[in-house]
Amino acid sequence: MYFVEQLIKLVKDKSSVVCVGLDPRLENEGEIPQYLVSQFDNPNEIIIEFNKTIIDNTYDLIPVIKPQIAFYEKYNAFYALKETIKYAHKKDLVVILDSKRNDIGSTSKAYADSTFEDYKADACTLNGYLGFDSIKPYLEEYPEKGLFLLVKTSNPSSQDFQDLFSIKLEDINKITTDIIVKDVKLERNYIQMAKLVDLWSKDLPRFSNFNNLGVVIGATFPEELNAIRKVVNHSFILMPGYGAQGATVNNILPGFNEQGLGGIVNSSRNVNYAYNNYKQFSPSQYGKAARFEVEKMNRDINKMIKLN
């Protein structure tokens with residue numbers, strides 16, 4: 001089954017567009033509870049226990065999880081990452097590995113093999129700004145898998161490059177670096193990137209009018225989200241930035257169509273460490289707190305997008 005086909009089915013079955021990011025943090029107070037850290041001898045055991053508890057308390061409420069690979073590399077917890085993905089699959093969840101790993105063709109092929117053969121993820125994030133040859137091995141070798149290409153990211157300094165204006169001029173000397181032009185239409189780099197995604201995905205199979213080549217757009221930029229959605233009509237949008245980074249329900253609305261499809265809203269810290277935000281939950285009740293937060297997200301979002 002194609003990733004987007006499975007994702008849409010789960011979104012409808014569970015009436016949820018919420019994605020829980022599993023980003024384990026061991027060092028600081030207010031993150032993985034210290035009582036849990038002290039129970040085990042190594043990070044793999046701690047992270048597996050933590051992630052399983054979050055999944056056990058939320059799997060019936062969500063269609064997808066998104067582990068960020070950096071938090072597993074940091075602790076040399078690759079085993080925990082694999083076990084988390086395996087456990088998520090047992091609980092009827094699809095998994096987006098947030099890895100952003102692509103490069104020149106042969107290296108991208110190795111990254112793709114690792115992502116889908118070793119970790120057994122269902123989808124991953126990639127940096128489309130490297131160009132099509134860095135995406136091609138993923139599309140050709142694993143056509144059933146999902147890909148989410150960075151278009152407009154949620155961090156404030158994304159504007160340093162993604163918001164710059166660009167123009168494509170044909171039939172010019174390739175070594176020319178300075179060009180003076182008049183009366184031309186300029187577009188933001190993120191719009192150019194969105195147009196490339198639309199081009200690269202034009203021949204891909206569609207399910208409910210969506211294909212496997214999705215995009216990442218920060219929910220912290222609603223105007224940009226609205227503009228990009230008009231370009232990538234057939235792509236699912238992964239929207240980070242909800243909750244801890246400041247995005248609200250109103251910010252994400254342009255990501256969805258009239259059927260409530262087309263977007264996945266990610267929340268990591270606000271779910272993982274929700275016990276910090278509610279007085280009724282102690283650190284040992286972090287799983288129940290996570291469920292409480294996801295239930296709230298589902299209620300708030302579903303009121304607005306009219307998922308059906």
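The values are calculated or read from the model by the stated rules, or taken from the named source; none is laboratory data. This one's a predicted model, so the numbers in the text were calculated from it and none came from an experiment. Virtual Cβ from ideal backbone geometry, glycine too; neighbours counted across all protein chains shown.
Results, tabulated for the structure shown:
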| read-out | value |
| --- | --- |
| Residues of region 8-31 that turn out to be part of a strand (DSSP E or B) and surrounded by fewer than 17 Cβ atoms within 10 Å (Cβ to Cβ), as a count | 0 |
| Residue in region 61-74 that is touching a helix residue (DSSP H, G or I) at 6+ places or on another chain (Cβ under 8 Å), at positive phi, of a type outside the set (A, V, I, L, M) and not in a helix (DSSP H, G or I) present | no |
| Sole residue being out of contact with any Cys (no Cβ under 7 Å at 6 or more places or on another chain) and under 30 Å from residue 206 (Cα atoms), chosen from 41, 60 | 60 |
| Some residue of region 211-221 being over 30 Å from residue 134 (Cβ atoms) and modelled with pLDDT under 95 | no |
| Residues of region 184-203 that turn out to be under 17 Å from residue 4 (Cβ atoms) and touching a residue at least 24 places away in the same chain (Cβ under 8 Å), as a count | 4 |
| Segments classed as helices (runs of 4 or more DSSP H), wholly inside region 198-308, with at least 1 members that are under 22 Å from residue 148 (Cα atoms), among the charged types (D, E, K, R) and out of contact with any Asp or Glu (no Cβ under 9 Å at 6 or more places or on another chain) | 222-229 |
| Yes/no for residue 97 being touching a residue at least 60 places away in the same chain (Cβ under 8 Å) and either within 23 Å of residue 72 (Cα to Cα) or part of a loop (DSSP other than H, G, I, E, B) (or both) | no |
| Sole exception among (1) surrounded by 17 or more Cβ atoms within 10 Å (Cβ to Cβ); (2) modelled with pLDDT of 95 or more for residue 86, by number | (1) |
| Among (1) without any contact (Cβ under 8 Å) to a residue 60 or more places away in the chain; (2) buried (at least 17 other Cβ atoms within 10 Å of the Cβ), the one test that residue 215 misses | (1) |
